[in-house]
Structures are given as C-alpha cells and as structure tokens.
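Enquirer: This is the structure I have questions about; it appears just below.
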Amino acid sequence: MNNSTYQLEDFTLTLPIPQIARITAQQFAHEQPNSQKAEQVRLNTLAVWVVNDYLQMMDIPTNLQASDSWNPVMRLCGDVADLEVPSVGRLECRPVHQHQQICSIPPETWGERVGYLVVQFDESLQEAKLLGFVPSVATETLPLRQLQPLEAFIDHMAQLRESPLDPLVNLTQWFAGVFETGWQTVESLWNLPELRPGYAFRSTETLELNTSNSPESITKRAKLIDLGIQILNHPVMLIVEITPSEDRQTSIHLQLHATGSQIYLPPGVHLTVLDSSGAVFLDAQSRKSDNYIQLQFRGEPREEFSVRVALNGISITEHFRI
C-alpha cells in the first residue's frame with residue numbers, strides 16, 4: 001500500500017486522552033533520570049493508553065498491567081510501548097508528533113510484536129489520532145505512508161485470535177505477582193486429591209536448592225503437564241523457580257515431578273531447555289527410580305527460552321521470556 005500523508009486522514013481515528021492517562025504518564029515520566037527519557041516515557045505511556053482504550057471499544061481484551069510499558073524497570077531500561085493482548089501477543093504502540101513523516105521503531109521490538117500501531121499527538125496532549133498499523137517491521141524507521149488502515153488492523157487481530165501464537169510466559173511479571181493462567185502455587189496443587197498421595201511424604205524436599213537466598217526473593221509456580229497418554233492416569237508437574245541476581249540476571253530452577261500414586265517418573269522422560277533459536281541448551285532424562293528431574297541456569301533480561309517435556313515421541317513445550 002502506498003498512501004500519501006494527506007490520504008492518511010481518510011482512515012485515522014481521533015480519540016480523547018482522559019485526565020487519568022495524562023496523570024499516569026506524568027507519574028511514569030517523573031521516575032526517569034533526565035528530561036529526554038521522561039518525554040519518551042510520557043508519550044509511550046499515552047500511546048499505549050490510547051491503543052488500550054481503542055481495543056476496549058472494539059471488545060478486544062487487553063492486559064495493561066502485564067505489559068512491559070507498565071513495568072518500571074523495563075521503562076527505565078528500554079524504549080518500550082507495548083500492550084499485552086491475551087492469547088494473541090504484544091502490540092507495539094509508537095507515538096509520533098504532528099507533521100512527522102517517519103516513525104521510529106526500536107530494533108528490540110522487531111521480532112516480539114504481533115503488530116505496530118502509530119499514534120499521533122499534538123502539543124496539547126488533549127487528544128490523539130490512531131494513524132494506522134503494519135503487521136511487522138524490519139527497519140528502525142517506518143514511513144507513515146506505508147501504514148495500513150485500522151480496518152485492516154481489526155482483520156489482522158481477528159486472524160491472530162483464531163490461530164494465536166504460542167503464548168510467552170513473562171517471568172519478569174512473576175516478581176510483581178502477575179502470573180499467567182495455569183500457573184499455580186505448588187501448595188495448591190498438592191491439595192488436589194488426585195495429586196496428594198504421591199506428594200504428601202516428600203513435599204518438604206521440593207525446591208530446596210536455593211537456601212542461600214531469602215524466601216522473599218524466590219518466586220515459584222507449578223503447572224500440570226498432560227503428555228496425552230498421561231503416566232498411569234496422572235500428569236507430571238513442572239515447577240519453575242526464579243531468583244533475581246545483583247548482576248541483573250535471573251536464576252532459573254526447573255523441576256519435573258511425578259504426581260499422585262505414581263511415585264516415580266518412568267525412565268526416559270526428558271526435561272529440555274531450548275534457546276530462542278530452538279537449539280537444545282540443557283537436557284535431563286529420568287532414570288528408573290527418579291521421582292523428579294531438574295535443571296538450573298541463568299538468563300539475561302528479555303532473553304527468551306522454551307522448556308520441553310517429552311516421553312516416547314509425545315512432547316509439550318512452554319515458552320518463556322525473562
């Protein structure tokens with residue numbers, strides 16, 4: 001599509017910016033170390049807010065609190081203007097000023113977004129224009145004439161919701177107490193009658209390696225993994241424990257347990273960590289009398305990896321971002 005700047009007016013949508021949005025953006029801006037960073041955060045916050053309002057109008061659910069743009073550490077460390085759309089992925093909401101012909105797109109967002117919406121602001125910050133969208137980018141500059149209309153964006157979202165991408169579990173949000181659906185406390189799973197028998201006698205042994213860290217700094221959640229055939233009618237339990245480090249890395253400890261009356265994992269169950277390219281990074285395999293297997297490693301902020309649980313050619317994979 002090849003539109004002139006004048007033709008953009010044919011499909012823009014003007015929305016008011018509520019006072020609470022401006023107050024929130026100002027609060028986020030005050031947290032920044034200098035005026036340039038403060039202005040970046042202010043406009044990014046308003047752009048995300050406007051897109052969030054638009055999606056709410058279109059009955060598309062969002063999760064503002066789970067977005068990096070609502071995380072103070074991520075705001076400080078990067079140029080983030082993302083909005084989490086459950087079961088779809090993250091939209092990038094990029095602000096531009098009036099009379100700009102090009103929108104800046106940070107390289108770190110190129111492979112992590114399901115679409116890019118451009119939001120135009122004037123000096124008063126009383127209202128904003130949704131100029132259009134593109135589904136993907138591969139350069140740091142996006143000419144506004146390449147934007148597609150909002151109608152195409154709605155179609156794009158509908159297609160993604162029908163066949164969503166594999167969701168990423170955001171481990172950074174775990175430190176803030178925000179957990180994705182399906183990830184529960186280990187204790188709550190132990191209390192399920194069908195899981196309790198096999199765990200009652202060994203609950204105290206689970207995840208005790210990080211004794212050097214205070215309990216307050218450790219965050220852990222568990223998820224039941226159904227390998228299709230199950231193991232003697234019982235799923236396995238994947239436990240993920242994360243601990244922050246002073247060097248900004250995160251320590252990640254994985255355990256895979258048998259559940260219920262099945263005390264031991266069957267031989268040959270694989271617990272595998274894959275890097276962002278899909279290559280095997282770490283692997284553990286159960287032996288005859290293992291009731292759990294485990295792996296431990298460290299990762300950098302925003303690093304992505306996957307955890308695969310496999311037995312006899314059947315596998316389930318969970319995708320994570322630090």
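Nothing in this text is a laboratory measurement; each read-out follows from the coordinates by a stated rule. If you're wondering where the values come from, they're calculated on a predicted model, not measured in any experiment. When we count neighbours, we look across all protein chains shown, and the Cβ atoms used for this are built from the backbone with ideal geometry, even at glycine.
Enquirer: Could you compute Rg(Cα) / (2.2 N^0.38 Å) for segment 30-81, with N its residue count?
Expert: 1.20
Enquirer: About the Cα centre, and with charges only on the beta carbon of Lys, Arg (+1) and Asp, Glu (-1), how big is the dipole of segment 5-161? Nearest 20 debye, please.
Expert: 160 debye
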